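This report concerns only the one structure given below.
The values are calculated or read from the model by the stated rules, or taken from the named source; none is laboratory data. Nothing here was measured: the structure is a model prediction, and the numbers come from that model. As a convention, Cβ positions derive from the backbone with ideal geometry for all residues, glycine included, and neighbour counts pool all protein chains shown. Ligands, DNA and RNA are stripped out before the accessible areas are found, and what is left, the full protein with its side chains, is counted by its heavy atoms. Shrake-Rupley method; radii C 1.70, N 1.55, O 1.52, S 1.80 Å.
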Amino acid sequence: MTACASRFEVLASVALALALQAATAQDPGDARMSREAGATLVVFNSRDPDSRSLAEYYAQRRRIPSDQVVALDCPTDEEISRKDFADTIESPLRAMFDLKGWWTLRESSGTASAPEVTGSRIRFVALMRGIPLKIKTTIQPPEPGKPAPPRPNGGDPVGGHDEASVDSELAALGAFQEERFGVVPNPYYRRFTPIMDSVMLAAQLLVTRLDAPTEDTVRRMIDDGIKAEQSGLHGWAYIDRRSIPESGYKDGDEWLQAAAAECWNQGIPVILDNNPAILPAGFPVTDAALYYGWYAWAAEGAMGAPHFRPGAVAVHIHSFSAATLRDPAKHWAAPLLTRGVAATIGNVYEPYLDLTPHLDVFNERLLQGFTFAESAYMSLKVLSWMNTVVGDPLYRPFAATQAGNFDRDSDPGAQPWTALQKELRKSARSGPMQTLYLARFARENPTGLNYEALGLLQSFYDQPREALSSLEAAGAVYRNPAESFRTVVERIRILQTTGNKKAAIQLIDRTLQRAQPPERAQLLEALRNEIEPPPPAPSVGPKKL
């Protein structure tokens, strides 16, 4: 080799190294995503051909190593026995972790103690459609007429359960628990550290499932999430509170109130409903990026016909919100996924409110740029319980905007949302002062979106007179009749809340004078009856002499 050639190769090597360094500096997210993909296990059911196909598709889209796509030979039913879970899912997975060296174990010195996981290459697990959803209880109900047998753990209502979701049980795979009753405390709860950097939580697995009523829906969930990461997830946050003051219930409302405040702080406009009932049928749900609500049996009302943005995240707290993922018409999780959502969290059996996802924590972590799996498990107090986390574990809907990168959008329709978000974030956490900044922005950019956001922000900070004016301006500017109608309902609610029933009835009557689709007319009539109940019908019976 000549000196000249040697110098040329050295220069070429230096140039290549500089180019790689520059590429890494330009997009550090690529290195992070590659690292997370290398720590992801994809699990499918060998008895279900669609399960294998989905696993291969997801692994290809996320560039997950092929030797981390594994099959289990397990039942295809959604609900399985505890024995089937142990024999066909839990034990085979533990054996794989041992055989492939995915974790490092330290054997306990005591003969009765379980080994301890001191390191793990796998931090995320994606269960594909076809893997069972839930494990039924082994506790037999009492025979008719006989007293109930004593429950385990002294009858503790939480510790006396051994049913669970498959996801949540596998999240505790490294705990090596022998006792099947009760829960395992989640060491990742309320953390604010990426799981890849949580070296002290080596046994922690973040287990989600890519599951839905159809294979096509699962593929759409995967694709929508990746698309949203590339272009940003933009739209409204619909937050549906109940305004229940009773102890034991108000926690849910407080989570949702905090989630609304954090959305405003992060520049996401919020449509907040404070009424006891769910958002009613006829209320237009358009451009939904986020939805949080509780507590109805099924996805009804306004969520019966919503419009979700690609990549949307939606969670409705209910005891049995994910009792099945196969039926697109039952409960909440399956209908939300069928109607366009990319990710949700649900419960397969009764979880008790405090052991459902704390939506304030989940929302904050998600908006801060954590993955969907990290955000979900940071919001859950316990493992080996009833919660199921449905969606791509690596999905980061807000990573780009959290980093201040608002200009990567390839979708021209996102520009109004990014402009609004940048303006809101300029004055974030300044409380009511945020409304002054947004008012100036709306005057300079008089769109329906900007005026509606302004009115809702003013209402959030208890400025009803200003909110009514802004919402009226929004309704006048909007070209979409559905969006214009929504501002009318929002004005009616403000008038009702402030006690101006006469003005609310007048607004309803004026709106009904214009032709309305049946569902909207019925909503207005229901609002009228709520504000001014009709007199009771006269009793019918024989007249007294």
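The table that follows gives values for the structure above.
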| quantity | calculated |
| --- | --- |
| Two-decimal log10 I(q)/I(0) for region 59-116, as the Debye equation yields it once each C-alpha is a single scatterer, q = 0.26, 0.29 Å⁻¹ | -1.06, -1.11 |
| Candidate aspartates and glutamates for bridging to Lys501, where Cα separation is under 13 Å - those fewer than 8 sequence places away on the same chain excluded | Asp509, Glu530, Glu532 |
| Of Lys134/Lys330; Lys250/Lys330; Lys381/Lys426, those spanning more than 24 Å from alpha-carbon to alpha-carbon | Lys250/Lys330; Lys381/Lys426 |
| From the coordinates shown, percent of Cα pairs over 36 Å apart corresponds to which of (i) 32; (ii) 44; (iii) 40 | (iii) |
| With every protein chain in place, the chain: carbon and sulfur % of accessible area (1.4 Å) | 54 percent |
| Karplus-derived HN-Hα couplings along region 266-275 (A = 6.51, B = -1.76, C = 1.60, θ = phi - 60°), whole Hz, x at Gly and Pro | 8, x, 9, x, 10, 9, 10, 10, 10, 8 |
| Relative intensity, log₁₀ I(q)/I(0), of region 255-392 from a Debye sum that treats every alpha carbon as a point, q = 0.13, 0.21 Å⁻¹ | -0.49, -1.46 |
| Segment Tyr189-Glu444, length gained on full extension (0.36 nm per residue, minus Cα span) | 87.5 nm |
| Under Karplus coefficients 6.51, -1.76 and 1.60, residue-wise ³J(HN,Hα) of region 339-347 in Hz, glycine/proline x | 8, x, 6, 9, 8, 8, 10, x, 10 |
| Helix-derived mean residue ellipticity, 222 nm - over the chain, DSSP H n ≥ 4, -39500 (n - 2.57), to 500 | -12500 deg cm²/dmol |
| Accessible area (Å², per residue) of region 242-390, counting only protein heavy atoms and a probe of 1.4 Å | 26 Å² |
| J(HN,Hα) series, region 221-226, from Karplus relation 6.51 cos²θ - 1.76 cosθ + 1.60, nearest Hz, glycine and proline x | 4, 4, 5, 5, x, 5 |
| Ratio of Rg to Rh over region 440-545 (Cα coordinates, Kirkwood Rh, two decimals) | 1.16 |
| Nitroxide proxy distance, nm - points 7 Å out along Cα→Cβ at Trp102 and Thr137 | 3.1 nm |
| Dipole in debye (nearest 20) - the chain, about Cα centre, beta carbon charges: Lys, Arg +1; Asp, Glu -1 | 1160 debye |
| Net charge over other residues, Cβ less than 12 angstrom from the Cβ of Ile271 (K, R count +1; D, E count -1) | -3 |
| Net +/- balance of residues flanking Ile226 in space, Cβ distance below 9 Å, scoring K and R +1, D and E -1 | -1 |
| For a label point 7 Å along the Cα-to-beta-carbon line of Tyr249, residues of region 339-359 with backbone N under 20 Å | 350-359 |
| For Ala312, residues with placed amide H under 5 Å, excluding near neighbours | Ala342 |
| Per residue solvent-accessible surface (Å²) - region 420-545, probe of 1.4 Å | 59 Å² |
| Other-chain or far-sequence residues with amide H under 5 Å of Ile131's (modelled H) | Asn45 |
| Long-range HN-HN contacts of Arg209 with modeled amide H, under 5 Å | Leu127, Val389, Val390, Gly391 |
| Fraction of alpha-carbon pairs over 22 Å apart in region 216-327 - percent | 36 percent |
| Relative packing of peptides 259-269, 70-80, 499-509, 417-427 - highest average C-beta neighbours within 10 Å first | 259-269, 417-427, 70-80, 499-509 |
| Label-point gap, in nm, between Asn274 and Asn500 - each point 7 angstrom along Cα→Cβ | 1.6 nm |
